[in-house]
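Worksheet: the structure to be examined is printed underneath.
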Amino acid sequence: MSKMVTLSIDGRSVTVPENTLVVDAAKMNGIDIPVFCYHPKMKPVGMCRMCLVEIGRPMIDRATNQPVLEDNGSPKIQFSPKLETSCTTPVSEGMVVLTRNDKVEAARKEIIEFILTSHPLDCPICDKGGECPLQNLTMRFGSKEGRFLFDEKMHLAKHVPLGELIWLDRERCIQCARCVRFQHDVVDDPVLDFHNRGRSLEIMTFSEPGFGSYFSGNTTDICPVGALTTADFRFGARPWEMKPAASLCAQCPVGCNLEYTVRREAKSGGATVIKRALPRQNESVNEIWICDKGRFGYHYTQDPARLGQPLVRRDGELVPVTFEEALKIIAEKAAHQPFQILAGGKLSTEDLAALRGLAQESGGKAWLHTYMSGGFTPHYGLSADANLGALGQGDAVLVAASDLHEEAPIWWLRVKQAAERGAALIVMNPRPTRLKKYARHVIRYAYGEESLAVAAMAEENLALAGEEIRAAAETLKSARNLVIFYGSEGLGLTGSKGLEQALADLLERGGFTGRENSGLIGVWHAPNLQAGFELGLPPAEGLADLPAGGVLYLAAADPAGDDPRQAAYFSGREFVIVQDLFLTESAKLADVVLPVLAYTEREGTFVSGERRLQRYYPALAARPGLKADFALTALIAKSLGYELEGRAASLALEKLAASQPAFEGLNYLKLAEVHEQWPQVGGSDLYYGGTSYANRQGLGKHLSRAAKPEPDAAPLREGIRDVPKNALRLVPHTRLYDAGSTFAPSRLLDQRRARRQLRIHPRSAEPLGLQQGSQALIELEGAPFTAEIVLDETIPGGTALYPRSLGVPMNAPFHAVVKPVFDKSAS
């Protein structure tokens, strides 16, 4: 517990923790001190002087070191001759702070006047108008008349692209340095900085492409003026024209809380559309930040290519029909047959439960479409009130087979912060990642030997282990908590099973199982795979893992699109149903195609990788005639004589909670519960925390710990160790900006999207005749693919890395002959 300090602010006695800044102490007690440069998530710099207050402190007798007392026995207060910045001054016992007297008010008026000397008065056309701290504080403290001539203002460039995502208006910038400090201090992407001095000071970007950061959009939230705007929103709408809707990010397993702002507009044909995505505060999940994939990746939900009505196959062609006709055909073809279901990780928890229910009722089985294993996470994952933000000195974090910066940027940020607070970070990966800078121990292993490295750390006899493994094991012995992130770099399903079990064993042997802030976190490739594992769905990489016969039912899964070779598994099926947003490659092979609502048009829940069940709300009205996946599955079941809950998502969750122990006691009302968070954001004082939304719609609840699973006979090594002559071991890895079906429609990020590149060490490339920038031919089981060669000295020898979801169907390591392409026209 921190020592508490009592002081007076505007005549009110307040008690706050020691070392609290005066500006924060006032905020905690409902007293407003305006700021521009200060932000509660960043170190104070005292640049703008807007937070000036008058501060007095008890006089101390130097001889006795005791307070000097007034005649009435109270401490005698001595005020500083000058005003002080409340953002850089910590509280002290007996301090007296005045925030509203004439001296302070005059100073604020002068600061506003100085800022406006070079600020354009273009509020009516500024994107920030209506939610602008400078505008609000000018109305509150500014002078009615300006004393500076218009011709004396600095006139600078107003439309400066900092890359293609963020635009800068240099005239509006007030040099508060929030954006620069955020990039340097918070996310460690120092791609912005100041250029020139005095009134010529300007923000510049020093990266290629410009503003090269996965967190760039956050600078527009914390900018106190309209200097920084996002390319997809600028000049698009006024803040007072839009309505907010609470939601979740559907791009990765972190579960970032979002607020979509929507409005009805003429250019969209009178439809209500999403105009922007902003962070919604959840200090246990994403704090007040989101990555740019979450900010700009929602456009697929409004893509014109989405399906609008069912399709059935007639005379070899898919033709549109009504839902009644489609359900009638399904009832005729699927009666008395088992359903073999492949479900995607972008479905809601209620959808997955409905699909599992249909499979069970029909005598079939439901699988989770993934190349990762997660069957141990319901028992070994986080539970209770676990919070990554509480990790620090005495705790340990292990990141294995994952480049968190590419796979889940907010988790990367949270792990970085834990390390900065003193947590011991152990990074296990065959190549360097951005976490290396913060790691206490870095363990290298060969691709395919992930589980062996973990097993060596878990064994009590470490005599044969490497020095770094022994040092990491010693660190774990004294750790209070251990949180483990495991990903899929260089792994397929087989290797993922071995790694997951080895990590679970490490938790078990170290006695971390069941501790409040310890557990196993899968860095999944979809937002709700965790729910599938909680429901007991086994993983399946593709259709080869499903039994033949019965009805094949694909929901939010496109195996033929992921791998063209999967199309062969459709030909032997008597009846195929595909349920999706788009006419995918798998849908083109189906007998019946059913369109569904996007998650932005319905309500539901996701379970994050931290096992936190969270609720999302509809941002847009449901498209006419379409239903949510769980409701459509319930209609199919009803047509076959089975009963599933399809009336409302809330009822579906209550039914699940009654039968699934991990969900026991949870419902939509509990998921909507909130409590006070710090820092306070989203109020009328936008200058304090930025335009992030306060969370009034639910912080989510952790699932209860599931029963301990039985271990499988998972191998400790995946794939072939001895690569044939003239061949490379190709291993998959994940890039944030891929070409997945729910991210490809976000065209704004095309310039930053990962390309078809094969990364290889120069020594491995030379004997194969591969050169930087040249094209290479990859032969994968007889199918040719081309990729650009990138020479990278961090890649282990004999190995080449290729990103997932970019054309080459590889979700597991394999060996392949790689040749240079001399005739580019042939490729």
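Values quoted throughout were computed directly from the atomic coordinates according to the rules given, and no laboratory measurement underlies them. Computed from a predicted structure; not experimentally measured. With ideal geometry, Cβ positions are generated from the backbone for all residues, glycine too; neighbour counts draw on all protein chains shown.
Observations on the structure shown:
- Stretch gain in nm, segment residue 509-residue 42, where the contour uses 0.36 nm per residue and the Cα spacing is subtracted: 164.2 nm
- Modelled spin-label separation between residue 774 and residue 588, with each label point placed 7 Å from Cα along the Cα-to-Cβ direction: 3.4 nm.
- When its C-alpha radius of gyration is set against 2.2 N^0.38 Å (N residues), the range 377-523 gives a value of 0.93.
- The magnitude of the dipole of the range 727-826, with charges of +1 and -1 set on the Cβ of Lys/Arg and Asp/Glu and taken from the Cα centre, is near 280 debye.
- Added length on full extension, which subtracts the Cα-Cα distance from 0.36 nm per residue, residue 159 to residue 710: 192.3 nm
- Alpha-carbon centroids, the range 125-201 and the range 386-401: separation in whole Å: 37 Å
- Net length gained if the chain between residue 147 and residue 822 were fully extended (0.36 nm per residue, minus Cα distance): 236.0 nm
- Protection-proxy order for peptides 100-107, 748-755, each taking the mean of Cβ atoms within 10 Å per residue, highest first: 748-755, 100-107
- Global geometry of the range 62-101, whether rounded, prolate or oblate, following the gyration tensor of its Cα atoms and the 1.5 cut on a/c: prolate
- Exceeding the 23 Å Cα-Cα cut-off - candidates 27/437; 365/497; 588/627; 27/670: 27/437; 27/670
- Inter-centroid distance (Cα atoms) of the range 592-648 relative to the range 241-264, Å: 18 Å
- The range 23-167: radius of gyration over Cα atoms, expressed as a fraction of 2.2 N^0.38 Å: 1.36
- Gap separating the Cα centres of the range 458-527 and the range 765-827, nearest whole Å: 32 Å
- In terms of overall dimensions, the range 155-302 has a Cα radius of gyration and Dmax of 15.9, 48 angstrom.
- Stokes-Einstein D in µm²/s, Kirkwood radius over Cα pairs - the chain at 10 °C with 1.306 mPa s viscosity: 55 µm²/s
- For the range 145-209, fraction of C-alpha pairs farther apart than 15 Å, in %: 58 percent
- Across all Cα atoms of the range 316-460, the radius of gyration (one decimal) and Dmax (whole number) stand at 22.4, 65 Å.
- Value of Rg to Rh for the range 577-684 (Rh from inverse mean 1/r over Cα pairs, i.e. Kirkwood): 1.05
- Separation in nanometres of the label points that stand 7 Å from Cα toward Cβ, at residue 93 and residue 747: 6.6 nm
- Taken over the range 727-826, the alpha-carbon convex hull comes to 109 cubic angstrom per residue.
- Span-rule helices in the chain, defined as complete DSSP H runs reaching 18 Å or more along the axis (Cα) with Kyte mean at least -0.5: 102-116, 349-362, 493-509
- Applying Stokes-Einstein at 20 °C and 1.002 mPa s to the Kirkwood radius of the range 522-633, computed over alpha-carbon pairs, gives a translational diffusion coefficient of 138 µm² s⁻¹.
- Rounded, prolate or oblate (a/c below 1.5 giving rounded, otherwise prolate when a/b exceeds b/c) for the range 129-176 by Cα gyration tensor: oblate
- Note on residue 144: lysines with a C-alpha under 23 Å away, same-chain residues under 8 apart excluded, are 103, 109, 128, 153.
- Placing unit charges on the Cβ atoms only, positive for Lys and Arg and negative for Asp and Glu, gives the chain a dipole magnitude near 1140 debye about its Cα centre.
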